Structures are given as C-alpha cells and as structure tokens.
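The values are calculated or read from the model by the stated rules, or taken from the named source; none is laboratory data. Note that the structure is a prediction, hence the values are computed from the model and not measured. Every residue, glycine as well, gets a Cβ built from its backbone with ideal geometry; the counts of neighbours run over all protein chains shown.
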Amino acid sequence: MKNTVKKKTMFLAARVMGAMTACSTMMITAFAAKDDSSEASLNDVTTPIIDLLKNVLNVLIPLVAAVGAIFCVSLGLKYSKAEEPQEREKAKQHLKSAIIGFVLIFVLIVALRIATPIFTDWMNKNSGKK
C-alpha cells in the first residue's frame with residue numbers, strides 16, 4: 001500500500017516539475033521578446049535575476065557566518081556543560097555535524113558567488129551577444 005502511494009506521489013511530482021519547466025521556458029521566451037518581430041534575448045531576462053542573486057548572496061554570506069558562529073558556540077557550551085559521557089558524546093557529534101554543515105553551506109555560497117559572473121559571461125558569449 002505504501003509503495004503505491006509513494007509511486008503515485010513521485011509520478012505526480014515529476015509531472016508538476018515537467019509542467020513548471022515548460023511554463024518557465026515559455027515565460028522566458030515571451031518576456032525576452034520585445035515585440036513580435038524581434039528575436040528573443042536572454043540577457044533581458046537574466047540581468048534582473050542575476051542582480052537579485054548577487055544582492056541575496058551579499059546578505060547571505062555574513063548571515064550564514066553569524067548564524068554558524070552563534071550555533072557552534074551554543075553547541076560548544078552544551079558540550080562543555082555535559083556531565084554524562086553519553087551526553088558529552090552526543091553534543092560532540094552535534095558540534096562536528098554543525099561545523100561541517102556550516103562550512104559546506106558557506107563554501108557553496110562563495111562558489112555560487114564566484115561562478116555567477118563566469119556563467120553570465122558564458123551565456124552572453126554563446127547567445128550571440130559579444
């Protein structure tokens with residue numbers, strides 16, 4: 001019974017994602033075209049999206065660093081206050097996982113920040129705009 005529900009849910013999710021992809025492609029093409037006779041330009045559509053992404057990343061980098069530092073300090077305090085060995089080991093594992101998670105998130109955000117101009121240049125070069 002559970003497998004059929006999972007299969008139906010996965011099938012529905014795949015159909016929704018396919019429909020969203022088709023709609024977003026049509027919307028990009030429609031918004032990129034200035035009028036019926038002109039050719040669609042991806043640059044007109046991607047510039048506001050890339051600007052928004054840059055602004056979000058400018059805020060996200062210090063925010064992730066601050067939240068990560070506060071969370072790791074609180075887990076460090078929990079680790080230092082733990083009296084029983086099981087609590088101490090559990091707090092130590094949570095602290096390790098939190099540090100790995102926040103470092104991974106921070107590295108991925110910085111990588112996205114670095115990759116955005118590279119992908120923008122690649123898109124402009126391959127779309128016919130020099």
Selection from segment 92-130 of residues that are at pLDDT below 90 and either among the hydroxyl-bearing types (S, T, Y) or in contact with a Lys or Arg (Cβ under 7 Å, 6 or more places away or on another chain) (or both):
T116, T120, S127
Across segment 62-89, what is the total count of residues that are of a type outside the set (F, W, Y), surrounded by 14 or more Cβ atoms within 10 Å (Cβ to Cβ) and part of a helix (DSSP H, G or I)?
8
